[in-house]
Every structure is written in C-alpha cells, then in structure tokens.
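J.: Handing you a structure now.
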C-alpha cells in the first residue's frame, strides 16, 4: 500500500515538510480525519467547497450521471453540458452568449485570453492584469498573475502581459486618503497602462472583481471605474470569478454587486461551480464576444472539455445554491462576520485591518504596529507565530487558511451561525495567546 507522504508530489509546499492527516469523509461544514477527528472547515478547503462537504444533492447527481453516461467527447452533445451552459447564461444575464468548459480556473483564464484576442482580431494583443493577483499556476497563469511566489518562473512581458498597481486600500500604492479614492486611482492606473502601450495593442483587461487568494478586496469604487475605462478604450474586460463566484461574495457573481455598470465581456469560473465535487471550470462569453467568434474556427480544446459527470455536478450545485437560498444567506452572514471581526480588531492591536464581508469571505491582516501599519513580515513570508496559531486551531478542531500575515476566512456557505461564532471565539482566544497586546506603559 502506497504512502502519500513518500509517493505524491504535493502542490505549494516543500515536499520534505508535507505531513498532513488523511481526510476520509465530510458533511456540511466539517471534514473527517482518519483518526476519527471532526474538523470545522473555515477555508472551504481551497475556497471552493461552497456547498460544504459531500452535499447529498450533488453526490446523487454524480452517481445518477455515472450510471447513465460517464463520458462523451466535446464533439458530441451531452445533456448535462447543455443544461449547465443554459443555466449559467441565465444566472449571469449573458443571454445570447456561449459557455466554454474547462477543467479548472487556470485553463479558464488561459482560454478567456485566447477568446478575447481572437474576438478583438489581436492574436498577440496585450493583456493588462495587476500586481498582487492570482490567475493560476500554469505558465500563462503565472504570467497573468502578479504573484511574488511564482514571478521568478516566468517572464510575463514575453507572454504579452502588463501589470498595474493593485486596489490595495489598506496599503494604497497611490497614497490616497480613502478606500474609494484608492479604487478610482487603481482603475485609472489600468487605463494609463492601456494608453502607454497603445489602445490598438491591448486586447483585454483581466482582473479579480472581489475575493482573491492574495487577500486584496477592492473598494466598491474600483470595478465600475475599471469597466468604464476599459469600455471607453474599446478593450475587453474579463472578470476572474474563479474564487469570488457562486455566493462567496454575496452574489452569484461578484460583479453583479455593481449591476449593469459592472458587467464584463467575459468571466471565468471554477471552484464553487460544482461546489468542488468535481473538477470543472468555464468561460462565459457575452453575446458580443460570442458573435465575433461565431463564424471563425476555434482551434483550441481539452479532452475533458464539458465532461458529463462534472457538468451534472454543476447543474446540481446551481440547484442547491438556489433552492437553499445560499447566495442571500452568504450575504447576510458575511455582514455579521465582518461586524464580529471589527469587534476582534478593537480587542487585538495586532489586527491592522479587516476587510471583505460582502459574503462569507473576509480577511484579517496582522501587523507589527497598528499605528504605522508596519508588516509582521514582507509579503508573502509567514510569521512563525501565525503558523503556530493555525496549528493550535487545528488541534482544537478548526482549519484556518493563512497566507503571509493574513488569516483568510471563507467557510462553506452552509456553516451554522453557532459553528461560525465558536470558531471566531477560538480565533479571539488564540490571537490573545500568540499575538498578545503590548503591556501598558
């Protein structure tokens, strides 16, 4: 019998350091370990188990589809593929558009870039993204990302990518006095990149409208301004909704918070699309972009593009979000979560900022000095005390996501109010233990 620590090459870690317990099951907001422990999941694994673990409706749909038809290639029709595409177009208001299915978020972003370039007639058109962003770990995904972990592995400019400064309001790179001013300046910075490079050379802008793995939550002013600048320049806007979609930020898709003023030309999806029950990503194209490709050959594809099992899981996941009222629930609980975190901030001087809360996604940023906002460590280094805090939480049955000096809270949308309150009480206690307030002078 194989030993995972010996035989598997694991992602985002030093192999010699990997020593995680084995998960054998789950239910709701909890997963179960081989040794019998039950763990409350405050990160939805990789911010993807939006429906919790082993959602019965999704499991049943996969089982039923497996008994009927496991696989047929994309050259042939498949009922769950057609149904899922129709529902996504309805939920996004992209009627008349089309959906291209992928295996996950990175290849969705790559294909969105392909489609934007082809639709614009700019096969080598530049793509504008931002620093402190994440769009995948394939070579094109790394080029698109503004991620210090991977920037040394790829030359983004060689892939036709240009980066703008981020809407990081807590540490605004433009030195603004308010969050909204920072959002407006960050959107204007994208427009400046477009103008510097030349409008005729830029094919698309690709941005995360809300939640992202690097912990930046853009101010409300950012996305509508970005939409306006890209439209005025005649440049396609792609919303990377891989993490922010499916209720994570209180809407089906985060851009919908801004209504028609925020509607992108394309959006990319994954993670919550199936509630993580099966690997699936998608690119949703607006009617205008789809029309531009309608009579052109599309020279791209994937063996498992629109896999029937994954699409059946997606159809069931969308039904669960809708029937259980999880989008509105996330919005309401997100507001409660943010209020609770602000109360924690008032008690712990190590908390420099709390942000998010538009849905069940929020970020705690820890600092060395709240007055100066001095970081505990340069991004993305993790302070030893934060690593110890996460380990202590796990020992008490709660799994936390930490990155750099951030605690990222993204529990399943089905988490109970009681479980969330108990988890936050644990975070409160552990902050006191590992990040004690300075003694009064």
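The values are calculated or read from the model by the stated rules, or taken from the named source; none is laboratory data. Quantities reported herein were computed from a predicted structural model and do not represent experimental measurements. Cβ placement follows ideal geometry from the backbone for every residue including glycine, while neighbour counts extend to all protein chains displayed.
J.: Could you grab me the full set of residues in the stretch 282-307 that are in a helix (DSSP H, G or I) and buried (at least 23 other Cβ atoms within 10 Å of the Cβ)?
T.: 289
J.: Just checking, how many residues over the stretch 85-105 are touching a residue at least 40 places away in the same chain (Cβ under 8 Å) and out of contact with any strand residue (DSSP E or B) (no Cβ under 8 Å at 6 or more places or on another chain)?
T.: Summing the residues that are touching a residue at least 40 places away in the same chain (Cβ under 8 Å) and out of contact with any strand residue (DSSP E or B) (no Cβ under 8 Å at 6 or more places or on another chain) in the stretch 85-105 gives 5.
J.: Name, by its number, the condition in (1) loosely packed, with under 14 Cβ neighbours inside 10 Å; (2) assigned to a loop (DSSP other than H, G, I, E, B) that does not hold for residue 49.
T.: Unmet for residue 49, out of (1) loosely packed, with under 14 Cβ neighbours inside 10 Å; (2) assigned to a loop (DSSP other than H, G, I, E, B): (1).
Here's the yes/no breakdown for (1) touching a residue at least 40 places away in the same chain (Cβ under 8 Å); (2) out of contact with any strand residue (DSSP E or B) (no Cβ under 7 Å at 6 or more places or on another chain); (3) not in a strand (DSSP E or B):
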{"site": "349", "(1), (2), (3)": "yes, yes, yes"}
{"site": "382", "(1), (2), (3)": "no, no, yes"}
{"site": "418", "(1), (2), (3)": "no, yes, yes"}
{"site": "441", "(1), (2), (3)": "no, yes, yes"}
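J.: Across the stretch 52-79, what is the total count of residues that are touching a helix residue (DSSP H, G or I) at 6+ places or on another chain (Cβ under 7 Å) and not in a loop (DSSP other than H, G, I, E, B)?
T.: So the answer is 6.
J.: Can you tell me which of (1) in contact with a strand residue (DSSP E or B) (Cβ under 7 Å, 6 or more places away or on another chain); (2) assigned by TED's automatic domain parsing to the domain that holds residue 170 is the one residue 344 doesn't meet?
T.: (2)
J.: Just to be sure, is residue 319 crowded, with 19+ Cβ neighbours inside 10 Å, outside the structural domain of residue 12 (by TED's automatic domain parsing) and modelled with pLDDT of 95 or more?
T.: Values: crowded, with 19+ Cβ neighbours inside 10 Å: no; outside the structural domain of residue 12 (by TED's automatic domain parsing): yes; modelled with pLDDT of 95 or more: yes.
Judged against the criteria, residue 319 is not a match.
J.: Taking the condition outside the structural domain of residue 403 (by TED's automatic domain parsing), in a helix (DSSP H, G or I), closer than 20 Å to residue 268 by Cβ and modelled with pLDDT of 95 or more, does residue 217 pass?
T.: No: the conditions fail for residue 217.
J.: On to the next question. Conditions first: (1) surrounded by fewer than 16 Cβ atoms within 10 Å (Cβ to Cβ); (2) under 23 Å from the mean Cα position of the chain (by Cα); (3) within 30 Å of residue 188 (Cβ to Cβ). Residue 112 passes all but one, so which condition is the exception?
T.: (1)
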